[in-house]
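The values are calculated or read from the model by the stated rules, or taken from the named source; none is laboratory data. Remember, it's a predicted structure, so these values are computed and weren't measured experimentally. Reconstructed Cβ throughout: ideal geometry from the backbone, glycine too, with neighbour counts over all protein chains shown. Remember, those area values only see protein heavy atoms, side chains included, never the ligands or the DNA or RNA. Shrake-Rupley method; radii C 1.70, N 1.55, O 1.52, S 1.80 Å.
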Amino acid sequence: RRPPTVICYICGREYGTKSIAIHEPQCLKKWHQENDMLPKHLRRPEPKKPDVNPVQAKGFYDLDALNEAAWTSAQNQLVPCDICGRTFLPDRLIVHQRSCKPK
């Protein structure tokens, strides 16, 4: 059995329940650095951590609900190509658009 993992709401990658607290501040810092380097029309608002309420009286979180909300948040960071409609991270969209041809 795999140990429980949590999905980062910024990048969409899986991390252990202990290391996610270390990863998220670093990921947000990296997100800000990359977002600041983008052209103004591709800059996005800062991603917000999804609110998931504890399910049980002891304050435990429903990992499936938390992961679903985090995955949705990470997917909302993607930007569609104006030509083909595929979604990319903003820095990758610039590279993609160099070679994207209309059908």
Residue pairs qualifying under the 7 Å Cβ cut-off, at least six apart or on distinct chains, with the first in the stretch 84-103 being on the phi < 0 side of the Ramachandran plot and touching a residue at least 40 places away in the same chain (Cβ under 8 Å) and the second being surrounded by 11 or more Cβ atoms within 10 Å (Cβ to Cβ) and among the charged types (D, E, K, R), are PRO90/ARG44; ASP91/GLU34
Which of the following residues is crowded, with 16+ Cβ neighbours inside 10 Å and part of a helix (DSSP H, G or I): CYS27, CYS11?
CYS27
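Filtering the stretch 1-13 down to residues that are in contact (Cβ under 8 Å) with a residue 12 or more places away in the chain and more than 13 Å from SER73 (Cβ to Cβ), which residue is nearest to the chain's Cα centre (by Cα)?
In the first step, residues of the stretch 1-13 are kept if they are in contact (Cβ under 8 Å) with a residue 12 or more places away in the chain; the result is 3-12.
Retained after the next criterion (residues that are more than 13 Å from SER73 (Cβ to Cβ)): 3-5.
Details: PRO3: 22, PRO4: 19, THR5: 15 Å.
The extreme case among them is THR5.
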Taking ARG86 as meeting all but one of (1) at pLDDT 85 or above; (2) within 18 Å of TYR9 (Cα to Cα), write down the number of the exception.
(2)
Select from the stretch 62-103 the residues that are open to solvent by 80 Å² or more (accessible area, probe 1.4 Å) and of a type in the set (D, E, K, R) and write down the one among them that is nearest to PRO39 (Cα to Cα).
ARG92
I'm trying to understand the selection: among the residues of the stretch 36-45, which are surrounded by 11 or more Cβ atoms within 10 Å (Cβ to Cβ) and either within 13 Å of the chain's Cα centre (by Cα) or assigned to a loop (DSSP other than H, G, I, E, B) (or both)?
LEU38, ARG43, ARG44
Please indicate, with yes or no, whether at least one residue in the stretch 53-62 is at pLDDT 85 or above, under 17 Å from ILE7 (Cβ atoms) and part of a loop (DSSP other than H, G, I, E, B).
no
